[in-house]
Amino acid sequence: MPSPKKHPIRWGQGLALCLAATTVPCAALAAEYSAQPSVTLQETYNDNIRMRQTPQNSVTGTILAPQLNLAARSARWRLGTDLRWRAARYHGIEGLDSNDRSVNVSSQIQSERSALQIGGGRARNSLLTGETAAADVGLVKSQSINITNSANASWNWSLTEKDRFSLGYQYANVTYEDSATTSLNDYSQRGPNASFMHRLSERAQLSLQASSNKFTVPELEQSALGQNINYLFAASGGTRTLSLASTTNTLRMGIDYTFSETLEGGLSAGTRKTSSDSVKEKCESGTIPIPPSTLTTCRVTSTATETTESRGSVYNASLAKNFAATRLSARAERAVDPSGAGAIVQRDTLSLGLQWSKTERLVFLFSAQGDKIRALEGTTLSVDRNLYFIEPGLQWRISEDSGISLTYRYSYLWYLSEADNAHSNSVSLTFNQAWRRRSLSR
């Protein structure tokens, strides 16, 4: 039985630290403290929430998601804490209920020409019914929980009126509470980034960006037999990957351009290089007689580190057009993302959006997106798949602080390694209430 995961920072401790960060007064500078609560209540229906290829029972669910933002700020600095909780209860299929929550802290110190930003957070998220990253959508067919601890820092410096330089560092550690049953892998990613921006004119801005990201999977999940035996099932190849460490270096150039008051766009493109070190076990095939048949086995013969290297392109292009009552937008992106499958994946995304304001209160929305996800290397299960969805909807603004929306979503998931595909239909009715920010003291 796998040992339970240990999380050194508990939710209560994290909340206490966050509240302290936003309520400790600064003796040197006068500060203003404020709070803004909000809440979302949603009723939803889904005919295949687990995205399985065979017919499934439909589910209905109720989701309650309150949020509280606390802030403290002065002329030179600001502190903020964002607290979220999301409780979901479903009927029709057991095991889907979830209680997700997150705490995020941000801070900024501002001078005349530079700004230092430091932040971090902790989030508990449900993979099937929560906000799942595209790289992990469709990997699991039953409810699973992941815990993400993150931290980031950046420094921005205005060199001149037209030139700006920034340095940053990001860290994230993701663990899965039931990785042994879902075949998902704990991983971490970290790395620095730098960018230089030059404003050519009031309409155009050039950028140069460089980043290095290290992705580490300390222990890839294996079969239920574990790792402390000499005979393993060998379904193919006679090898298995024990751990993975890869580094992706990216360099890109870009331009943002305002064509007119109603048309704007941006384009950035560059190259990437990914180097991976995989610790692999090799074995000899054999058989064990188990009457009335035999069992194919694999006897471990050696353990070695295998180094691979791949190169490719990255890009991000966007275009938006505003009309009197309509906004059209389009985006195309190629990115390299970490995945709980124990692999770096390349994600190609194409999305379209439409927003039409019928009246001051009624808005029609439409969005469509396609994601092509391919593993670069190091995976222990097939992650290659295409994900598509279309989502029309209506929004009705009740007041300045509240609104209601009705959306329909059709999702289609195409697994390249399986003969059948999966699709689902869902309908959601959502009420949002965001109260105005209130000053606590000054």
For the range 396-442, what is the relative contact order in percent, using Cα pairs closer than 8 Å and at least 6 residues apart in sequence? 39
Grab the other residues whose beta carbon is less than 15 angstrom from that of residue 357, score K and R as +1, D and E as -1, and report the net. +4
Excluding residue 386 itself, calculate the net charge of residues whose Cβ lies under 10 Å from the Cβ of residue 386, where each Lys or Arg counts +1 and each Asp or Glu counts -1. 0
Two decimals is fine: what is log10 I(q)/I(0) at q = 0.27 Å⁻¹ for the range 240-279, from a Debye sum with one equal scatterer on every Cα and no solvent? -0.87
Reduced Cα scattering model of the range 320-442, Debye log10 I(q)/I(0), q = 0.14, 0.15 Å⁻¹: -0.81, -0.87
Which whole-number percentage describes the relative contact order of the range 288-372, with Cα contacts under 8 Å and a sequence gap of 6 or more? 19
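Where a number appears in this text, it was derived from the coordinates with a stated rule and is not lab data. Not measured: the values here are computed from a predicted model. Backbone-built Cβ (ideal geometry, glycine too); neighbour counts: all protein chains shown.
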